[in-house]
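All remarks here apply to the structure that follows.
The values are calculated or read from the model by the stated rules, or taken from the named source; none is laboratory data. All values derive from a computational prediction rather than experimental measurement. As a convention, Cβ positions derive from the backbone with ideal geometry for all residues, glycine included, and neighbour counts pool all protein chains shown.
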Amino acid sequence: MGLICAGLLLASMHAWAARVAVVLSEDSGPYQEVYQVMRAYLDDTPHDAVRLYADALTPAALGDARLAVAVGVRAAESLAALPDRPPVLAILVPRAWYLRAGRSLLAAGARRSVSAIYLDQPFERQALLIRLAFPDVRKVGVLLGTEQSGVVAELEGALRAQRIGLVYATVGRDERLIVPLESVLADADLLLALPDPQIFNRNTAQSLFLTSYRYRDPVLGYSRSLTRAGALLSLHSSPAQIGRQAAEWVSAALQGGSVHLPPPAYPAYFSISINEQVARSLGIALPSVAELEKSLGGGG
């Protein structure tokens, strides 16, 4: 009987085992880190994670994968272009892109199961961090690209809960940033950066930081690289943290015979980084990273 039970258990584990295609938008450090963390986590399960790249994605490469994880927008768009694809979990994608276009592209008219772990942090978490780190801030400024213009009410509500006002300007696709930026900074105590490539990109970031500091307004960013580039502090989820959450979702989704993905969500694990040099230049004393993360319930 023992041998029979062991055989049945082994057969059951093989039946549950699944091939998971992790599609990377590009061959760079952050994307590779997501894959390595996912693979290490899934090594302790019956499932097998295989690494693919958006530029070389074909139906043959996808093979018999029961679930695909798209790491970044390019990977998600490459998967959406394949007529026959498994359910897709998109990670490291902006919430605005997913809700505006990504979900419908990947779902193909609701015929396929899709979900996402956003790149963005929830506004409630950002607003609470502002209150904890800058108790004297009364107004937060934001520049919104055309794809982010619909978030005003949600952002305003999150800030209002912390007794903070919102000053914002919407920037047209071909509009120069300097005029709307200065109009916002003139009335705000802090500039909140959102992950919108129309506003914050390698060509605009330095100018945005320099102008903000001319107004003595610190910047709250959304990535460690923005902290290094000049944001006073950032609230972000590392590739390792996103990879961990994605692997947990994948493992849970593949428990039964069919794939069941949870609804789209913000990152569960997050960190804070501080640019001490910028803090000294602005004469701002902040609580420690450990204190802020503990107050927000972060880390991991």
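Just so you know, in segment 199-223 the residues that are of a type in the set (A, V, I, L, M) and surrounded by fewer than 22 Cβ atoms within 10 Å (Cβ to Cβ) include one that is nearest to the chain's Cα centre (by Cα), and it is ILE199.
Of the residues that make up segment 93-103, is at least one assigned to a helix (DSSP H, G or I) and outside the structural domain of TYR31 (by TED's automatic domain parsing)? No, segment 93-103 contains no residue that is assigned to a helix (DSSP H, G or I) and outside the structural domain of TYR31 (by TED's automatic domain parsing).
So is ARG224 of a type outside the set (Gly, Ala, Ser), out of contact with any Asp or Glu (no Cβ under 8 Å at 6 or more places or on another chain) and over 19 Å from GLN126 (Cα atoms) or not? Here the answer is no, as ARG224 does not meet what is asked.
Looking only at residues in segment 22-50 that are of a type in the set (S, T, N, Q) and either surrounded by fewer than 19 Cβ atoms within 10 Å (Cβ to Cβ) or more than 16 Å from the chain's Cα centre (by Cα) (or both), which one is farthest from SER78 (Cα to Cα)?
Only one residue tops the list, namely THR45.
For ASP196, the stated conditions hold: it is in a loop (DSSP other than H, G, I, E, B), out of contact with any Phe, Trp or Tyr (no Cβ under 8 Å at 6 or more places or on another chain) and crowded, with 22+ Cβ neighbours inside 10 Å. Determine if segment 144-159 includes at least one residue that is in a strand (DSSP E or B), crowded, with 19+ Cβ neighbours inside 10 Å and at pLDDT below 95. The answer is yes; a qualifying residue exists. Within segment 261-278, the residues that satisfy the criterion of being over 29 Å from LEU99 (Cβ atoms) and either without any contact (Cβ under 8 Å) to a residue 60 or more places away in the chain or assigned to a strand (DSSP E or B) (or both) are ILE274, ASN275, GLU276, GLN277.
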